[in-house]
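Just so it is clear, none of the values below were taken in a lab; they were calculated from the coordinates. Please read these numbers as outputs of a predicted model, since none were measured by experiment. Counting neighbours? That spans all protein chains shown, and the Cβs are built from the backbone with ideal geometry, glycine included.
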Amino acid sequence: MLRRVLASLAALALLVTVAGPAGAIQFGRPDGNGHPYVGLVVFHNSNHVPLWRCTGTLLSETVVLSAGHCTGTDGTTAPRYAVLYFDAGPIPNGNYPFNGTPCTGYTGYPCTGDATGTPHPNPGWNGALTIPNTHDVGVIVLDRPYTATNGHFGALPREGMLDTLARQRGLQDVTVTIVGYGVQSEKPTLISIKQRFVANAKIVSLKSALTDGFNVRLSSNPGVVSGGTCFGDSGGPIFYNNTNIIVAVNSFVLNLNCKGSGYGFRVDTHASLQFIGGFLD
């Protein structure tokens, strides 16, 4: 039952291409050129078959930050390379295969994009969402350097940044910006526009049975804040306030319809920073 309820945000099948009005990341707005260093990531297996899609953030010209369950095995299949798109979208489907057909000979989404790279999950990621320390952080090392249109990158936080903010200001004053290419609606109609959306949210908790110093809980109530996360937003950045500082990456939700709280795996811990730093000069 727990595994059914704690649904990861990543497993968005590439066959889902429902058109409809742009609702949000969830209740958000199109990002436009706001975060051109945040991209859509499609993971492929060794046979060049697209597996699933997530979101990632450039930390440098060659390193992209995402989630462990995006870059690692889902228990049965492990991705071998990633194709990245930094277009704000909507990204057209182009000429691409369905039903497990290899990408050989195809062009457009999800076979060709702006960059390609090799995924690296956190060594602690075991293919399951083991709460609270899921080790749900990963990186993609690009085959060739890529720079966003504005020349900017996402930035890593100082260690323990969220704990310091909670002590100094109280969580009720800590706001974040969430960015992603995920599903905009699950119910009553599935809407999956491949477009970068942005929204604001508030941090609800750092200390609970589900967070416990490893995760951050975000409010996704549209009556209180303007946005939340859904499938495909996995690995996308949770920025502190309106900065480029990534305090967590989108990880999981409690409801299969993407209602209620969303959770991000913290980047500001010693373990996360040590893992990510191993890929940065």
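Tabulated data for the structure shown
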item: Peptide ranges 145-158, 233-246, 127-140, 72-85 listed from the most packed, as the mean C-beta count within 10 angstrom indicates; result: 233-246, 127-140, 72-85, 145-158
item: Residue 76-residue 133 FRET efficiency (beta carbon distance; Förster radius 30 Å; 0.05 resolution); result: 0.85
item: Theoretical gain in end-to-end length, residue 254 to residue 208 [0.36 nm per residue, Cα-Cα removed]; result: 15.1 nm
item: Kirkwood Rh and Cα Rg combined as Rg over Rh, evaluated for region 48-148; result: 0.98
